[in-house]
Amino acid sequence: MAVTASAPGKVILFGEHAVVYGRPAIAAPVHGRRATAEVVPGEQGAGIYIVAADKGSSYPHTAADESLALAARLLLDAVHRRDTPPDLTVTVRSTIPIASGLGSGAAVSAALMRALAQAMGCPLPDDTLNALVYEVEKRHHGTPSGIDNTVVVYEQPVYFVKEAQPAPFTIGAPFTLAIADTGISSSTRTTVNAVRALYECAPAHWGRVFNKIASIAEAARAHIIAGRVGELGPLMNENHALLQTMTVSCPALDALVEAARAAGAPGAKLSGSGRGGNMIALADGADHAKLEAALREAGAVDVVFTRVE
Ligand code: PMV
């Protein structure tokens with residue numbers, strides 16, 4: 001009998017990169033893009049065997065360089081089964097594009113650990129799962145803020161500050177985002193390191209930039225709670241301009257941002273680590289079909305609409 005579990009993708013609405021330096025950020029799950037894991041009994045004595053279906057690869061939980069194998073080992077440690085692993089085969093699939101700022105790494109780890117824990121008869125509380133997925137992220141991405149694992153595990157919009165408990169966050173009025181993919185994959189580690197290099201050259205300057213981003217995220221939180229959706233557009237535009245100065249945008253992202261604004265979106269910005277990946281546009285007040293057509297015309301390889309509620 002198969003056991004399945006899943007986790008959604010995520011988008012960062014405000015505050016990426018500055019969040020690594022302790023400033024607040026806002027992010028939301030993308031329910032329409034998910035990672036799923038299915039667990040079935042495996043061969044006797046085989047331990048946990050992982051099938052990464054989209055990549056066409058498979059390996060045991062002992063594989064050294066695979067982040068899903070690391071996730072399985074961390075789970076075994078958490079349930080005190082490292083020396084007595086169960087014989088299970090777990091197949092992971094995802095509709096979240098890889099290395100595109102939508103949190104695919106955190107989502108596949110979360111789905112895998114959740115499904116395996118259930119199959120082993122010891123389902124994990126979300127707090128424990130969140131801490132385990134963060135551990136995988138840290139070992140694989142260097143210095144992540146923890147925002148990805150938090151959103152994909154709790155499946156709620158979050159106002160996030162590194163190392164703080166995620167704050168409860170009510171959405172005064174739901175709103176819709178268009179998410180458009182440049183099709184360019186980009187490494188979070190590389191962009192985070194590039195921003196760190198800038199910061200180390202001129203900490204006072206970049207500290208002020210991060211503070212401006214923090215003020216934008218604070219203002220956005222107040223507007224979202226109060227249901228003042230129209231106020232979010234200009235804040236997205238301001239946040240994008242600051243990310244451009246941090247060298248994390250790129251011509252493909254800028255083209256999508258411009259196209260979204262020209263097609264009537266009240267605001268647009270890159271989302272995630274940048275230099276590729278996805279951009280988001282506020283779609284309330286814009287004609288969705290026209291917006292999608294304009295984004296595809298400007299080079300988007302995929303456009304999804306997601307409701308934040
Ligand atoms: O591109 P993503 O989804 O990995 O998002 C990275 C967000 C950053 O703020 C750039 C890094 C982080 O760890 O928060």
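The values are calculated or read from the model by the stated rules, or taken from the named source; none is laboratory data. All values reported here derive from a predicted model rather than from experimental measurement. Every residue, glycine as well, gets a Cβ built from its backbone with ideal geometry; the counts of neighbours run over all protein chains shown. Surface areas here come from the heavy atoms of the whole protein model, side chains and all, with no ligands, DNA or RNA. Shrake-Rupley method; radii C 1.70, N 1.55, O 1.52, S 1.80 Å.
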- [ ] Could you tell me what percent of the DSSP beta bridges with both partners in the chain are antiparallel, to the nearest 5?
- [x] 90
- [ ] When a/c is below 1.5 the answer is rounded, else prolate if a/b is larger than b/c, else oblate, so apply that to segment 1-110 with a ≥ b ≥ c taken from the square roots of the Cα gyration tensor eigenvalues.
- [x] prolate
Task: Under 27 Å from the Cα of Lys138 - lysines, other chains or at least 8 residues apart - done: Lys10, Lys55, Lys162, Lys212, Lys269
Task: Theoretical gain in end-to-end length, Ala173 to Ala262 [0.36 nm per residue, Cα-Cα removed] - done: 29.6 nm
Open item on the list: Less than 11 Å Cβ to Cβ from Leu270, Lys/Arg counted +1 and Asp/Glu -1: what total charge do the surrounding residues give?
Closed with: 0
Task: Phe305-Ser57 pseudo-label distance in nm [points 7 Å out on the Cα-to-Cβ vector] - done: 3.7
Open item on the list: Based on alpha-carbon atoms only, what is the radius of gyration of segment 60-177 relative to the globular estimate 2.2 N^0.38 Å?
Closed with: 1.11
Task: Rounded tilt (10° steps) of 104-119 against the dominant C-alpha axis of the chain - done: 30
TODO: Could you pull the Cα extents of segment 146-293 along its three principal axes, largest to smallest, in whole Å?
DONE: 43, 35, 28
TODO: Using the Karplus curve 6.51 cos²θ - 1.76 cosθ + 1.60 with θ = phi - 60°, work out ³J(HN,Hα) for each residue of segment 176-186 in order, rounded to whole Hz, and write x for Gly and Pro.
DONE: 10, 10, 8, 10, 10, 9, 6, x, 9, 7, 9
Task: Rounded FRET efficiency, nearest 0.05, which uses the C-beta distance separating Ala226 from Thr143 and R0 of 35 Å - done: 0.55
Task: Rg/Rg_ref, segment 73-115, where Rg_ref = 2.2 N^0.38 Å and atoms are Cα - done: 1.37
Task: Dimensionless Rg over Rh [segment 218-274; C-alpha; Kirkwood] - done: 1.00
TODO: For the chain, compute Rh as the Kirkwood radius over C-alpha pairs and then the Stokes-Einstein diffusion coefficient at 4 °C and 1.567 mPa s; write the answer in µm²/s, rounded to an integer.
DONE: 66
- [ ] Quick one: go through segment 160-176 and flag any residue whose amide nitrogen is under 14 Å from the point 7 Å out along the Cα-to-Cβ line of Asp127.
- [x] 164-167
Task: Relative contact order (%) - criterion: Cα under 8 Å, at least six apart; region: the chain - done: 22
- [ ] Could you tell me the distance between the Cα centroids of segment 89-131 and segment 194-268, to the nearest Å?
- [x] 30
Task: log10 of Debye I(q)/I(0), alpha-carbon scatterers only, for segment 36-98 at 0.12, 0.17 Å⁻¹ - done: -0.27, -0.55
Open item on the list: Just to check I understand the Karplus step: with θ = phi - 60° and J = 6.51 cos²θ - 1.76 cosθ + 1.60, what whole-Hz values come out for segment 120-125, glycine and proline as x?
Closed with: 8, x, 9, x, 8, x
TODO: Would you grab the residues whose amide H sits under 5 Å from the one on Gly267? Only those 5+ places off in sequence or on another chain, please, with H modelled 1.01 Å from N.
DONE: Leu282
- [ ] Sort Lys55, Lys269, Lys162 by accessible area with a 1.4 Å probe, largest first.
- [x] Lys55, Lys162, Lys269
